[in-house]
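The values are calculated or read from the model by the stated rules, or taken from the named source; none is laboratory data. Computed from a predicted model, the values in this text were never measured in an experiment. Using ideal geometry, Cβ is built from the backbone for each residue, glycine included, and neighbour counts are taken over all protein chains shown. Note: areas computed on protein heavy atoms with side chains; ligands, DNA, RNA excluded. Shrake-Rupley method; radii C 1.70, N 1.55, O 1.52, S 1.80 Å.
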Amino acid sequence: MGEALRAVQLEKSFGEGAAKTHAIRGVSFQAYWGEMLYVVGPSGSGKTTLLSLVSGILKPDSGSVLVEGRDIWKLGPNEIADFRLNKVGFVFQDYHLFPKLTTVENVAIPLILKKQDWNESLKIAMEFLEVVGLAQKASLPPTKLSGGEQQRVAIARAIVGRPDLLVFDEPTASLDGTTGKRILDFVKNEILNDKRCIVIVTHDNRIFGLADRMIEMEDGSIVNVRSGGKIEG
Amino acid sequence: MRGIFKIALKLLVNDRGKFAALVVGITFAIFLIVQLTSIFSGILAKASSTVINTGSRLWVIDPSVQNPLNTIPLPDYVLDAVRSVKGVEYAVPLYSGIGLVKLNSGAYQPATVLGLDDTSLLGRPELIQGHIEDIYSNNAFIVVKDQEYAKLGNPPIGTTFEINDHRGVIVGIGHVPEGSLFGIPTLYTTYSRAIQYLPNTRFTIAYVLVKPKSEAAIAGIIDNVAKIGYRALTDREFEREISNYYKYQTGVGTNIMMMTFIGFLVGLSISGQTFYTFVLENLEKFGALKAIGAKNSELVSMILFQALFSSMVGYGLGVGLSALLIATGKRFVPNYTADIGFWNLALAFVLVLLIAGVSCLVAVRKVIRVQPFEIFRG
């Protein structure tokens, strides 16, 4: 498997003086194509911050994030936005779907941001809604969908631009155990392929079994990296 | 339409409550602004009614005259001097004064009396009843049928009345483009009868009306009239002078301007607050867009588009509502005056753009500052 991304000695802190908190302390890791990589750990361990650093959302204080051999944090503000748009697909914890748009319009957003034609974007978005099994609900607003369905819409929106890297932040936090497991099964079987890498931040041990590798974090540092989805102890 | 504008539009109009509040606020502000400025325009037009109705291209006045009510009589030699100025085709006197009319009911009613040059009758009203040559018959007056006409008891042709203890007879009923500002009826007669019937000072010419031989001759006439110590003004200049008098020396302009500003502030506060709330409620969504890959410039253009769209809808509705009210007012309300013109609309347009700009300014700052990381943190 080729290297999808490499994080090198990432450091990030928040606040000033006495209130300064080291969120990430010298973290380095690699993620590979075709891999479903979990970042796990207790609340406040720095999982979400790490995900933000590697996906071009939050700039590290030091260290680098290499994607296809180039450091994304050496890009300008517009280029980093383009990087996120073209290379990364996001699934947020609360989905952040637009209740005033229809489901298919929500899915089409990344394509519209890429300045694709409106109707063409909706057509492609429809295809991806079919992939997640929600084509029949395309014209409904997301508020009319169940939590699991909204999660699938968020996934369709994340993959519609065919990004290489998919990042999921606590994808099962708002779902019951069965729905969460089913969706992650779907992601692993239908979305993941050998040209894509998926990084998932979670502390939901019900879905650990689906991970190819797991990075375990504590106090802003990686304390363990394991193959497969089992954490011992 | 570009896709992001379509998204912006859907986010805006599908939030019906906010959109309605936004549009109502702007509509109300534009309605107030257009109403007030139109009423002011109407007042100014009425204030210039003598100039508009007479239709003379050039007016010679005493340099101290600021409005048609305060005419300063000109000596007869001024008329002769103006007639001898190069470029003048003809020049005639116009009398303007106030006469006290005693109606058949016994009531008294002041009226503006305009005395037209006996020979040319320059500045005469368009007659809707009667014949203009009847103005030369004994005691003849033409009454203007405007909103003040009823104050003379709606006199038909043949009605007799007293004016300053002289007998008067209505021989014609006329129509003029612009009614009088001061709420009194208007009577036309000949210059010679006017100065005979109404009490006068030593000099009796209120204005000398001049017909230039050509437009090119106007500048020369103005210069030559100035040399004899008087002012010649074109009709536009005279109207502007009258407007300036009412704007700056009577308090009317200042008060209307203040009320217009209050209308602007009302619109700004309603739409600014609503738009700010709208953006605040959608801040997370804008953050999500940013995380997905939208650039700040794109988000700013979306917000500007939303502000501009609601402003234009509000502008259209506000202007439409004003036009409707003005049309209704003119039809049913006596003495109602309001004129919508290019400048009213242009001023309202500039103010609505300001409302849009200021409303989204604070919102834009919020959106630029929102960090996509905040979306991740939840």
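Ordered by 1.4 Å accessible area with all protein chains kept, A:Asp169, A:Asp71 run largest first as A:Asp71, A:Asp169.
Mind checking which lysines have their Cα closer than 16 Å to the Cα of B:Lys151? Skip sequence neighbours fewer than 8 apart in that chain. Those lysines meeting the cut-off are B:Lys102. Go through A:Lys188/B:Lys295; B:Lys6/B:Lys285; A:Lys114/B:Lys290; A:Lys137/B:Lys285; A:Lys59/B:Lys6; B:Lys18/B:Lys285 and tell me which ones have a Cα-Cα distance over 23 Å in this structure. Listed pairs above 23 Å: A:Lys188/B:Lys295; A:Lys59/B:Lys6. Annotation: extensible slack from A:Asn224 through A:Asp185 equals 11.6 nm (criterion: 0.36 nm per residue apart, minus Cα-Cα distance). Residue ranking by accessible heavy-atom surface, 1.4 Å probe, largest first, among B:Tyr108, B:Tyr276, B:Tyr336, A:Tyr38 comes out as B:Tyr108, B:Tyr276, B:Tyr336, A:Tyr38.
Bridges between two residues of the protein assembly as shown, per DSSP, are antiparallel at a rate of about 65%.
Rounded to 0.05, the FRET efficiency of the A:Arg206 and B:Glu374 pair, given R0 = 45 Å and the Cβ-Cβ distance, is 0.95.
Computed with every protein chain present, the accessible area of B:Tyr245 is close to 40 Å² [probe 1.4 Å].
Given springs between every Cα pair under 10 Å in a Gaussian network model of chain B, which of B:Leu11, B:Leu116, B:Leu345 has the largest fluctuation? Result: B:Leu11 has the largest fluctuation of those listed.
Within 10 Å of the Cβ of each residue in A:50-59, the mean number of Cβ atoms contributed by other protein chains is 3. Between the beta carbons of B:Asn335 and B:Thr201, assuming R0 = 45 Å, the FRET efficiency works out to 0.90 to the nearest 0.05. Taking a sphere under 13 Å around the Cβ of A:Glu130 and counting the other residues whose Cβ falls inside, with K and R at +1 and D and E at -1, yields a net charge of +1.
DSSP beta bridges confined to chain A are antiparallel in about 55 percent of cases. In a simple Cβ point-charge model (Lys, Arg +1; Asp, Glu -1; nothing else charged), the stretch A:1-109 has a dipole of about 180 debye relative to its Cα centre.
Given R₀ = 60 Å, FRET efficiency for B:Thr328-A:Glu130 by Cβ-Cβ distance, to 0.05? The value I calculate is 0.60. Over chain B, dividing the summed -39,500 (n - 2.57) contributions of all DSSP H runs of at least 4 residues by the number of residues returns a 222 nm mean residue ellipticity of -17500 deg cm²/dmol. The local environment of B:Gly3, defined by Cβ-Cβ distances under 15 Å, has a net charge of +4 under the rule Lys, Arg +1 and Asp, Glu -1.
Using the Cα centre of the protein assembly as shown as the reference point, and only Cβ charges (+1 on K/R, -1 on D/E), how large is the resulting charge dipole? Debye, rounded to the nearest 20. Computed charge dipole of the protein assembly as shown: roughly 600 debye.
The convex hull around the C-alpha trace of the stretch B:159-277, projected and averaged over every direction, spans 14.0 square nanometres. Rolling a 1.4 angstrom probe over the protein heavy atoms with all chains in place gives the stretch B:75-229 an accessible area of 46 Å² per residue. For A:Glu3 and A:Ser146, the difference between the fully extended length at 0.36 nm per residue and the C-alpha to C-alpha distance is 47.8 nm. Placing dummy labels 7 Å off each Cα toward the beta-carbon, the span from B:Val266 to A:Asn119 is 4.5 nm. Accessible area of A:Lys20 (1.4 Å probe, protein heavy atoms only, ligands and nucleic acids ignored): about 100 Å².
With distances taken between every two different alpha-carbon atoms, the protein assembly as shown has a Kirkwood hydrodynamic radius of 30.5 Å.
Magnitude of the charge dipole for chain B, about its Cα centre and with charges confined to Cβ atoms of Lys, Arg (+1) and Asp, Glu (-1), is about 1660 debye. Pull up the cross-link candidates among the lysines for B:Lys247, meaning alpha carbon to alpha carbon under 17 Å and not fewer than 8 places away within one chain. Partners found: B:Lys46. Working note: Debye formula, equal point scatterers on the alpha-carbon atoms of the stretch B:290-378, no solvent; log10 I(q)/I(0) at q = 0.13 Å⁻¹ is -0.60.
For the protein assembly as shown, the residue among A:Gly44, B:Thr277, B:His166 whose Cα projects farthest onto the positive side of the dipole built from Cβ charges is A:Gly44. Rounded, prolate or oblate for chain B? Axes are the square roots of the Cα gyration tensor eigenvalues, ordered a ≥ b ≥ c, and the cut-off for rounded is a/c under 1.5. Prolate.
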